[in-house]
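Working notes, beginning with the structure itself.
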Amino acid sequence: MSTNRGFIQVYYGDGKGKTTAAIGSAVRAVGQGLKVLFLQFFKKNVTGELISLQYLPGITLYQFGSGKFILNKQWQEEDCQEFMMGWEMAKRALHGEDYDLLIMDEFLYAFSYQMLRWDDFFKELSTRNPKVEVIITGRKIIPQFIDYADLITNMTLIKHPYQQGIPARKGIEY
Ligand code: ATP
Ligand code: MG
């Protein structure tokens, strides 16, 4: 099997570490001269990575979201429009030459909330520029990924402060 092509990686589950693993992968990639497009879906808060990654040449980060959806689990028209803009940018990156690594953070929500059909997603991914490695994160995976992805990690929740009602902490969780 050829290893010259980019792989599809999925980090999912209820435990901490999905977005931070994606950030780590982005940092590693630029160190080796790869170009990274980091898209944060359904987010609109000033995350630590939004600030610090701007200092690293070779990583471009954009957010697409109303900022309300992940908390409310109730999406509005704005979330959908933002999602579609992000997905359009992702498609351009998948088919273009500009990026070696495309990160789609929290993208799995798009499937759980029926914003995107698997078939449409599959068509774009399977016809992508083969050099592009893709990392997708989110809480819930859909079964189609099990066969399709090359690498899947389940971040299993054992213990997390949010179980004690402690909200996300600045600099630690965002
Ligand atoms: P990190 O960004 O630290 O790597 P993650 O990407 O694995 O975390 P997410 O699922 O994106 O985790 O959750 C982001 C934040 O939302 C968590 O750090 C936590 O503060 C909060 N959170 C996570 N799971 C839950 C939950 N089930 N209920 C309420 N809040 C949660
Ligand atoms: Mg996350």
Surface share of carbon and sulfur [accessible, 1.4 angstrom probe, percent] for the stretch 8-164: 53
Helix-only mean residue ellipticity at 222 nm for the chain, each DSSP H run of n ≥ 4 adding -39500 (n - 2.57), per residue, nearest 500: -9500 deg cm²/dmol
Accessible area (Å², per residue) of the stretch 8-164, counting only protein heavy atoms and a probe of 1.4 Å: 52
The stretch 76-170, relative contact order in percent, only Cα pairs under 8 angstrom and at least six apart counted: 29
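The values are calculated or read from the model by the stated rules, or taken from the named source; none is laboratory data. These numbers come from a predicted model, not from an experiment. Just the protein is used for accessible areas: all its heavy atoms, side chains included, with ligands, DNA and RNA removed. Shrake-Rupley method; radii C 1.70, N 1.55, O 1.52, S 1.80 Å.
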